[in-house]
Amino acid sequence: MTPAALFGQETESLYTGWGAGFHLGVGAMVPTGSLGDDLKGCAVFTGGVDFEYRRARLKIDVNYSQPSFKNENPYAVYDSQGRNLQQNGTASTTSFGADFQLGYTVWRQGKVSITPCVGMNFNRLRWDMNTIKWEKDDEGVERPQIDNVTDVHENSTGFTASVDVDILLGGKFVDMGGKSHYTSSVRITPFITHTGYSNLSPAVKGNWIGVTVSYAGLSRLLSTND
């Protein structure tokens, strides 16, 4: 049977049910709630692996982004005159995250499938923080000086939900210890991720809302060698 014939199959009887693959993409996201008081929207880069059994999907993602600061003193450290004693040493954070999601394909027709997913997100923000001291210059005017620079980070655990819309590009038979069918797809994934950082002052929390566009490759084992 040709790959084109497989595309038109609405039954899954040709497969053992097991499949594995990967995805790699880029997108954008914006913060909501008090999270948006400290951070700006940004681009996000994502990649990961998929494990499937019939219509069930386990999706593991890692993502990287650099959301910029709105608040230059996120820990609210001031002197008695209300002047900053801390200040961000970098304009943007470095954000690394990992998602673990379970999904189920609720609709598959022709070359398009839709798979809602839910799970957990783990995230770390990292940036440099300057400790500030105020000293008088040669004219007797007090000006801020950087006393030292500290590497700081904040961790967050929250829920995430997404919807994978896979648009099939093509496929071919490959021999991976037994005949399998490899397919390539464009994956469009709107998502929402809840996160919060309780150590900031005031504490912030909210959702990252965004969308990514990825290349997704999947190999599914065939139950027949015909």
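The values are calculated or read from the model by the stated rules, or taken from the named source; none is laboratory data. If you're wondering where the values come from, they're calculated on a predicted model, not measured in any experiment. Backbone-built Cβ (ideal geometry, glycine too); neighbour counts: all protein chains shown.
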Query raised in the report: Among the residues of the stretch 67-81, is there at least one that is surrounded by 15 or more Cβ atoms within 10 Å (Cβ to Cβ), hydrophobic (A, V, I, L, M, F, W, C) and part of a strand (DSSP E or B)?
Result: yes
Report summary line: Only one of T195, T189, T212 is under 22 Å from R54 (Cβ atoms), surrounded by 15 or more Cβ atoms within 10 Å (Cβ to Cβ), touching a strand residue (DSSP E or B) at 6+ places or on another chain (Cβ under 6 Å) and modelled with pLDDT of 95 or more, namely T189
Query raised in the report: Mind checking which pairs have a first residue in the stretch 170-190 that is in a strand (DSSP E or B) and a second that is modelled with pLDDT of 90 or more and of a type in the set (F, W, Y), Cβ under 8 Å, 6 or more apart or different chains?
Result: G171/Y182; K172/Y182; F173/Y182; V174/Y182; S184/Y215; S185/Y215; V186/Y215; R187/Y215
Query raised in the report: Among the residues of the stretch 28-63, how many are in contact with an Asp or Glu (Cβ under 8 Å, 6 or more places away or on another chain), of a type in the set (A, V, I, L, M) and not in a strand (DSSP E or B)?
Result: 0
Query raised in the report: Could you say whether any residue in the stretch 90-110 is under 30 Å from Y53 (Cβ atoms), exposed (fewer than 12 other Cβ atoms within 10 Å of the Cβ) and touching a helix residue (DSSP H, G or I) at 6+ places or on another chain (Cβ under 8 Å)?
Result: yes
Requested in this report: List the number of the failed condition for G206; all other conditions in (1) in a strand (DSSP E or B); (2) farther than 21 Å from F96 by Cβ hold.
Outcome: (2)
Requested in this report: Filter the strands (runs of 3 or more DSSP E) completely within the stretch 82-136 down to those with at least 1 residues that are out of contact with any Gly (no Cβ under 6 Å at 6 or more places or on another chain) and over 20 Å from S201 (Cβ atoms).
Outcome: 94-104, 107-109, 112-136
Report summary line: Picked from the stretch 111-151 (must be hydrophobic (A, V, I, L, M, F, W, C) and under 30 Å from R83 (Cα atoms)), the residue surrounded by the fewest Cβ atoms within 10 Å (Cβ to Cβ) is V141
**Report entry** Hits in the stretch 124-167 - residues which are under 30 Å from R54 (Cα atoms), touching a residue at least 40 places away in the same chain (Cβ under 8 Å) and of a type in the set (S, T, N, Q)
**Finding:** T160, S162
Requested in this report: Say whether the condition of being surrounded by 14 or more Cβ atoms within 10 Å (Cβ to Cβ), of a type in the set (D, E) and within 16 Å of the chain's Cα centre (by Cα) is met by at least one residue in the stretch 18-38.
Outcome: no
